[in-house]
Each structure stands twice: as structure tokens, then as C-alpha cells.
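Down below is the structure, laid out as C-alpha cells.
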Amino acid sequence: MTNTEIAKKVIEALGGRENVNSVAHCATRLRVMVKDEAKINKDAIENLEKVQGAFFNSGQYQIIFGTGTVNKMYDEVVALGLPTTSKDEMKAEAAKQGNWFQRAIRTFGDVFVPIIPVIVATGLFMGVRGLLNALGMTLPEDVTTYTQILTDTAFIILPGLVVWSTFRVFGGNPAVGIVLGMMLVSGSLPNAWAVASGGEVTAMNFFGFIPVVGLQGSVLPAFIIGVVGAKFEKAVRRVVPDVLDLLVTPFVTLLVMSILGLFVIGPVFHVVENYILLGTKAILNLPFGLGGFLIGGVHQVIVVSGVHHIFNLLEVQLLATDHVNPFNAIITAAMTAQGAATVAVGVKTKNPKLKTLAFPAALSAFLGITEPAIFGVNLRFRKPFFLSLIAGAIGGGLASILGLAGTGNGITIIPGTMLYIGNGQLPQYLLMVAVSFALGFALTYMFGYEDETDGESTVKKPEVSEEVVETASKLTDETIQTPIVGDVVALSDVNDPVFSSGAMGQGIAVKPSQDVVYAPADAEVTIVFPTGHAYGLKTANGAEILIHVGIDTVSMNGEGFDQKVAQGDKVKAGDVLGTFDSAKIAAVGLDNTTMVIVTNTADFASVNPVASGTVAKGDAVIEVKA
């Protein structure tokens, strides 16, 4: 099938030209904004020649074609009449997708995701302290004080973190936000936890009738203060002359918002927050594990809807109040069942393409990211997804019956074991994970998936020309050097399902410490994207390598990127391919993690990462065996 014929099939499966608002592309995917998702024939698209997968995310239907091919397919669909748009316009439009509730929850996610790492670290510190206590170790007083600093600080200053992140998301000055947030937990105010304990410390009465305490551990009041404060700051900045902005805007913002925060927003929304917390605990404490059964059954549906970040708010509230998080175990059960269903599909299918997709997607799920398993495998065949919901519900119910509660949030399944070591619940946690996996696997293997032609492989064996055979015979073993200096990241941990699932091929990722891209081997430059964010190379030994700087950095339209080579250039290992500006990438809220992928992985016997920790120029990162 020619590219033109494939493009016609794509447009037809998208619901026709009239169902497409705009189309754009990045290094690997065709990104389509559609009017009505229901009109997309997703099965038809996923089974098209050259399509490596497809999923709906952030208001875009993303069709994976791979490096090089996606450029040609983009040209074809545009030639056939699909409207184009810039990446910035598409990103802005995607942010408007969904109803008001979906957009609000997406905003919650934007605020809380940057905070989660410190909550995770705090939870792990709690686990270590609990383990030491369980072992009967008596710690010196100064060591005990140090452990309390590690475990308590993040929750004491939590309002400061929340206001800072909210200001960042809503366009205010984050420095003003964090100072405002720290005012809410000032040592001059009565400590909220001390007041709640009913001791000698009581609330301050301002003006004789407004009870005021610090907002230690509060989440919702800090979020509302951040939203109102960021919008107020921008309003002030619009009316203040530029010459006075530096002096007047932060002064007025902090004065007005500290008054509103302490005397109005804080007291009112602290009450609202308490009612939300009581309602959450009432559901979690339903008898016979019903709360866990309900949450475990619907959690992955909520992930598909894109509003699962609501759990971040609830989990942080529980941790700040009780220092334990029952949601973590229930969510772990749901995610384990999802990954197990994907393993079952991979084991049962004889389709090599599906096997290649299923097992990396399952590994990603067991490390805490289920989107590749959901969109790449389970939803594609429907039954595995719905059967995994049943398994997740039963696993979630078991978690509630066992009283499981982690000491943190943000990590699940394999990494999540760290949250149960110190509280004495590790055996129960492992039992819950085992039950969830067994149910998810067994239900899917027995009832959820059959290959399309009585177990025969549905992949057509292509006719192999003499030219292809000759090319394949030239493939030889090779060691690929790192193109980026920095810290190695497992590909499965990359926050992009196309790369983390292995759909593009195997490889590694690197978090850069230097903003230079080097040639990873003696090679020919086959692709240089005009935006400078990605390079394609073919080595002398036959490996086809994609170097993709950052996630969604195509949206920067080349700003901050400077390419030094052109298509067709011959380069030596260590030659400079280009440079980029990590500060500019961070300034627009993007991740500079760089992926190094062998896109023709299927042509080799094995493609294995061989590096960990920090890599310097010239270090080996991938071994390719023919």
C-alpha cells in the first residue's frame, strides 16, 4: 500500500475531512485535533500498514508512524485536504478540550505533579524510620530529631509548596507565591496541629470574632489562595506603570492576599477541606472492603478519562492529616491488574508486533505508568481492559479488608513496596499484589483475548527482495555511545507512552547536564528536523538511531535549538550534531529528558542498555547484537 493510499484510509477512519479541525506532527506521531472522537474508527487506524499504535491524549488523537515515515504521512494527509496548525496553537486548543470538570482536574494535576516527588521522598523516610523502630533500634536523641526533620518538613510547609506551584501554573510570580504560602504557616501563628490536639494552644481571635490558626498541612485553602493570588497579581501588574512594577506589584499582592488568606479564604476553605476529608474517609471505611472494591474498579476508567489527578489532592490531604494513605494500596491493585492483563495478551498472542508492544507496556505498568498498557494493548482489544477492572476491584477490596495504607504517594507496585516496609504491612501488600496479578492474568488469558485467526499470527510475512536480504546481512554487532552527557533514565520511566512502551524501539533516556548533542557512532545523518529537537542517523553497521531532545519540544518551533548538521552529512562518533537550551525548555514547562532509540530494533537479535548512573561523552550506553 502506498503512502497516499494509507493517508486516504487514515482520513476515512478519522471520520472524514469534516471531522478534523487540524493536524500537526512531531518526530514520531501524527497529531490530529478532531471534532468528535466517537467518529474515529480506531480499530481501522491501528490495523493500517505502517501504523505502530494510536491513542487519544490531551485532546489529540496521536497516530504513531515513526521517524521519517511521519513526515511523509503528514505531507500526504495535508495534500489530501486536512487543515494544518502550529504546535503552539494545537497545544492551546488541546488545553480547552473536555468539560469544565475535566479542565479543572487537569489543572489540579499541573499543580500537584511537581510536588509529588518531595511527598514520595517523605513517605520513604517514614518507611525507613518505621523499619528501624520495628527492629527495636533505639536511636540517639539527635538522630531522632534529624529523622523528624526529614519526615515532617514537607507537610509543615505544604501550603507554601502548593501556593508556589499554583502561582506557577496560573501565571503569577512563583517567588511571590512561595512567600505568601509560607506566611500561612508562620511561626507567629498558632500551629494548626497543636490547636487540633486540644492542648493549651488555641486559635487567635482577630478583631474579636475571626479564629485564625496556621494552615500547616492544608491543601485546598492553599490552592484557592494561589489561584486568587496569581490572578490578582496579574491584574495589579496591568494597571501599575512598568517603572513602579518591581516595587508596587509584589507589595500590594502580598498585603491584600495575606489578609484574604488568613481571615477569609483560609478559615472558609479549611472547613470545606475538612468535610471533603470526612467524606473521603467515609468511603474508604465502608464495611467489607466495599470502598476499596469501588475505587479499585473505577480507578483505571478515571485514568482513561484524564481526571485521575483528583487523587493527588485527596492523597496529599490524607498524608498531611494522618501520615498514611489507604488510596495507594487500592490504586496499586487496579494498576497491577491492568499490567497483568497486558502480560496475558503478550503471552497468548502469536503476533510478534503485539508481543513487542505488550511486554514493555506491562513493565511500565508495574513501575507505575499504566497508560502504555491501557492505550497500547488493553483498550485496543476491550475485553482485557474490562476484565482487569474486575480484578482491580477485587484487589482493591482486599486492600481495604487488610487495612493497607502506605506512608506516601506517587509510587506503586514494585517501587511502592518501599511504602510498606516500615509500617509492618509488607506481607499483606505482597499478598494483595499477587492476588491482583493472578486475577488480572487469569481472567484475560481465559476469557479476554484470542488471536484473530484461531491463534495464527495475523502479521503478513512481507515479500523479501534480494536487496532487503543483502541489507539485512550487513547488520553487525555495535556499541552505541551516549549522545548526551547526564544521568541515565530507564526508557520505561519516560513520561511519554510512545517511548516508554517501547513502541518506537528499545534504547535509553538521559537527563542532560550539558546542552550538547553528540553523534553516538560513525553514521550518516538521515533526518534533521527543522525544529532542531530530533535527529535520525544510520550507522555503518546498520543501526537506525533516533535522538529526541525533550518531550513535546517540537512545540517550541526551534526556539532554543541550534542544529550543526544537515541531512546526508557523514559524522564520526563524538561530533557535535547540535545544541539546545535546557533553561528555555524548562521555562515553557517541558521536560528536557532525551531519548536515544534504535528504531529498527526488530532487525536485531537484541538491543540492550548497558549504562546506569551518570554518563560522560564517549561512554557506551547501548549494545546491539545482530
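Need the full-extension length gain, LEU132 to ASP477, defined as separation in residues times 0.36 nm minus the C-alpha distance. One decimal, nm.
119.4 nm
Of the chain, which part is the longest with no chymotrypsin sites (Phe, Trp or Tyr not before Pro) in a loop (DSSP not H, G, I, E, B) and with at most 15 other C-beta atoms within 10 angstrom?
That gives 210-626 as the longest site-free run.
Using the 10 angstrom Cβ neighbour count as an exposure proxy, how do VAL264, VAL489, VAL111 rank, fewest first?
VAL264, VAL489, VAL111
To the nearest 20 debye, what charge dipole does the chain have about its Cα centre, counting +1 at the Cβ of each Lys and Arg and -1 at the Cβ of each Asp and Glu?
1100 debye
What is the spread of the Cα atoms of segment 527-626 along each of their three principal axes, largest first, in whole Å?
Sorted from largest, the Cα extents of segment 527-626 read 41, 33, 24 Å.
How large is Rg/Rh for the chain, to two decimals, with Cα atoms and a Kirkwood Rh?
Radius of gyration over Kirkwood radius for the chain works out to 0.99.
Go through LYS353/LYS383; LYS355/LYS572; LYS39/LYS348 and tell me which ones have a Cα-Cα distance over 29 Å in this structure.
In this structure, LYS355/LYS572; LYS39/LYS348 exceed 29 Å between Cα atoms.
When the label point is put 7 Å from the Cα of ASN285 along its Cα-to-beta-carbon vector, which residues of segment 327-342 have a backbone N closer than 16 Å?
327
Does anything in segment 21-61 have its amide N under 16 Å from the 7 Å Cα→Cβ label point of ASN3, and if so which residues?
Label zone hits: 24-31, 49-52.
Note the angle between two axes, namely the Cα long axis of helix 141-156 and the longest principal axis of the Cα atoms of the chain, as a number of degrees from 0 to 90, rounded to the nearest 10.
That works out to roughly 80 degrees.
Hey, could you get me the Stokes-Einstein D for segment 157-284, Kirkwood radius over alpha-carbon pairs, 25 °C and 0.890 mPa s, rounded to whole µm² s⁻¹?
162 µm²/s
So, R0 is 25 Å and r is the distance between the beta-carbons of SER513 and ALA121; what FRET efficiency does that work out to, to 0.05?
0.75
Once you put a point 7 Å from the Cα of VAL610 and another 7 Å from the Cα of THR147, both along the Cβ direction, what distance in nm separates them?
Computed distance between label sites VAL610 and THR147 equals 4.3 nm.
Where does helix 174-183 land angle-wise versus the long Cα axis of the chain, in degrees 0 to 90, nearest 10?
30 degrees
If you take the charge dipole of the chain about its Cα centre, with +1 on Lys and Arg Cβ and -1 on Asp and Glu Cβ, which of VAL517, LEU354, PRO427 is farthest toward its positive end?
Result: PRO427, furthest along the dipole toward the positive end.
Could you state the angle between the C-alpha long axis of helix 242-260 and the longest principal axis of the C-alpha atoms of the chain, as a value from 0 to 90 degrees rounded to the nearest 10?
That helix lies at roughly 60 degrees to the long axis.
TYR275 to ALA586: FRET efficiency via 1/(1 + (r/R0)^6), r the Cβ-Cβ distance, R0 35 Å, to the nearest 0.05?
Here the calculated transfer efficiency is 0.40.
Round to the nearest 0.05 the FRET efficiency obtained for ILE310 and VAL240 when R0 = 35 Å and r is the Cβ-Cβ distance.
The pair ILE310/VAL240 has a calculated efficiency of 0.45.
Can you find, among GLY177, VAL213, PRO190, the residue sitting farthest towards the positive end of the charge dipole of segment 157-284, where Lys and Arg contribute +1 and Asp and Glu -1 at Cβ?
GLY177
Roughly how many nanometres apart are two label points built 7 Å out from the Cα toward the Cβ at SER186 and LEU260?
The two pseudo-label positions are separated by 1.8 nm.
Kindly provide the helix-only [θ] at 222 nm of the chain, computed as the sum of -39,500 (n - 2.57) over DSSP H runs of four or more divided by all residues, to the nearest 500 deg cm²/dmol?
Details: 23 runs with 295 residues, N = 626.
Helix-only estimate at 222 nm: -15000 deg cm²/dmol.
Compute for segment 327-457: radius of gyration divided by Kirkwood radius, i.e. Rg/Rh, restricted to C-alpha atoms, rounded to two decimals.
Ratio of gyration radius to Kirkwood radius: 1.01.
Read-outs throughout are calculated quantities, based only on the coordinates presented, and are distinct from any laboratory measurement. Being a predicted model, the structure only gives us computed values, none of them experimental. Ideal geometry is used to build each Cβ from the backbone, glycine not excepted, and the neighbour counts take in all protein chains shown.
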